[in-house]
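Here is the structure we will look at.
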Amino acid sequence: MTATDPALTALSQRWCALSLLHGKIEARVERALQSGHGLSVREYSLLDVLSRQHSGPGGHLQMKQVADAVVLSQSATTRLVTRLEDRGLLTRYLCDTDRRGIYTDVTEAGLALLAEARPTNDGALRAALDEASENPELAPLVQAVEELKVTA
């Protein structure tokens, strides 16, 4: 395959369409969360991921797992956790079995803000997908997202 190969060109165009869809969704959700709740998309995602932890074996995520779940580097995740901790939305504590491990929990205030912001996030996401489905280039991607089977 060469750089001018039609298959590569088509692949590149599909990647650009996917990137465009992601950007449109993220921008819309970001505006809605910021204006309604003072949260960024990353902050919301972090609170959401951490709110799903449990106290049983393997129930708490290590910082690397959190970083992977919110698609950030470990250092960016740590800075984000610090900002949310400073706002009283998260707490950190040492792992009982491994003193090097640090766990993070969502506080009651964080859970309340997350519950308040969830309908805003979901509504903005729905609106962004509906709008994107009107674009012939993006409609197949929207359909794929809506049909995606996710195991939790």
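Remind me, relative contact order of the chain in percent, using alpha carbon pairs under 8 angstrom and six or more residues apart?
Computed value for the chain: 26 percent relative contact order.
When the helices in the chain are scored as -39500 (n - 2.57) per DSSP H run of 4 or longer and the sum is shared across all residues, what 222 nm value do you end up with, to the nearest 500 deg cm²/dmol?
Computed ellipticity for the chain at 222 nm equals -21500 deg cm²/dmol.
Among 18-24, 112-118, how do they line up from the highest to the lowest mean number of other beta-carbon atoms within 10 Å?
Per-residue Cβ counts within 10 Å, averaged per peptide and sorted highest first, yield 112-118, 18-24.
If I ignore ligands, DNA and RNA and count only protein heavy atoms, how much of Leu8 is accessible to a 1.4 Å probe, in Å² to the nearest 10?
Roll a 1.4 Å probe over it and Leu8 shows about 60 Å².
Between the alpha-carbon centers of the range 89-152 and the range 35-66, tell me the distance in whole angstrom.
The range 89-152 and the range 35-66 have Cα centres spaced 9 Å from each other.
Can you tell me the length gained on complete extension of the stretch Asp122 to Leu20, counting 0.36 nm per residue apart and subtracting the Cα distance?
Length difference between fully extended and current span is 34.8 nm.
What is the list of residues in the range 107-134 whose amide nitrogen lies under 14 Å from a point 7 angstrom out from the Cα of Glu146, following Cα to Cβ?
Residues 125-134 fall inside that zone.
Mind ordering 68-80, 32-44 by average Cβ neighbours within 10 Å, highest first?
Answer by packing, highest mean first, reads 32-44, 68-80.
The values are calculated or read from the model by the stated rules, or taken from the named source; none is laboratory data. The model shown is predicted, which means the values in this text are computed figures rather than measured ones. Cβ: placed from backbone, ideal geometry, glycine included. Neighbour counts: every protein chain shown. When the accessible area is computed, the model is the full protein with side chains, heavy atoms only, and any ligands, DNA or RNA have been set aside. Shrake-Rupley method; radii C 1.70, N 1.55, O 1.52, S 1.80 Å.
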